[in-house]
Amino acid sequence: METSFHMSLPCLSVTKTKDFYTTNIGASLGRMTKNWIDINLYNHQLTFIKAEKFNFNTPNYVFEGKILPAFHFGVIVNLQTWEKIYKKLKDQNLEVVTQTTFLKDKPGEHVSFFVKDPNDYMLEFKSFKDSNKMFAS
């Protein structure tokens, strides 16, 4: 059974959020009103709803010596897609947290990078060396 996730998050600007995800990331636009928008991010539904300023106040954490944002979401893609989106974002001079390989030579080895959207959410892109070991310990 193929499944997709749905996540709904507050946003500061529907227009800036739409532009970031469709233009910068290359996601496709779903339904849209003046107060909310649906984004198709690799067949996963992100809904952004216009809200006042918000703050999650969640601290960062350290994993394999790297400081990572505790509050983030992301998508897992194949390596070819990962490399394509990484290059696209770097070429646009967006602030991309440089790619890192985590769990090198261990089960769950993957490359990862983060980019901040216009709402200050950290969006992570991951690609596993072996997708069958995504949950391996």
- Task: Quick one: work out the % antiparallel among DSSP beta bridges in region 1-54, nearest 5.
- Result: 60 percent
- For labels at HIS6 and LYS116 in the simple 7 Å Cα→Cβ model, what's the distance in nm? 3.1 nm
- Query: Expressed as a whole percent, how much of the Cα-Cα distance distribution for the chain exceeds 26 Å?
  - Reply: 25 percent
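May I ask you to list the GluC sites (Glu not before Pro) in region 1-97 that are in a DSSP loop and have at most 14 other Cβ atoms within 10 Å of their Cβ?
Working: sites: GLU2, GLU52, GLU64, GLU83, GLU95; in loops: GLU2, GLU52, GLU64, GLU95.
Passing both the DSSP loop test and the Cβ count: GLU2, GLU52, GLU64, GLU95.
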- Determine the relative contact order of region 30-115: mean sequence separation of Cα pairs under 8 Å and six or more apart, normalised by residue count, in whole percent. 14 percent
- Counting other Cβ atoms within 10 Å of each Cβ, which chymotrypsin sites (Phe, Trp or Tyr not before Pro) in region 82-130 have at most 10 and sit in a DSSP loop? none
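Between GLU83 and ASN43, what length in nm is gained on full extension when 0.36 nm per residue of separation is reduced by their alpha carbon distance?
Additional length available on full extension: 12.5 nm.
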- region 1-55: trypsin sites (Lys or Arg not before Pro) in DSSP loop, at most 15 other beta carbons within 10 Å: LYS34, LYS53
- Query: So what's the net charge close to ASN119: Lys and Arg +1, Asp and Glu -1, counting the other residues with Cβ under 11 Å from its Cβ?
  - Reply: +2
- Message: I want to verify a result. In a Gaussian network model of the chain, Cα cutoff 10 Å, which of these has the top mean-square fluctuation: ILE49, ILE39, ILE67?
- Response: ILE67
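So what are region 1-54's ellipsoid semi-axes, whole angstrom, largest first, if each one is the square root of 5 times an eigenvalue of the alpha-carbon gyration tensor?
Numbers: eigenvalues 73, 33, 16 Å².
Equivalent ellipsoid semi-axes, largest first: 19, 13, 9 Å.
Laboratory data are not the source of any read-out in this text; all were calculated from the coordinates shown. Treat the numbers as computed from the prediction; the structure is a model and nothing was measured. All Cβ positions, glycine included, derive from the backbone under ideal geometry; neighbour counts span all protein chains shown.
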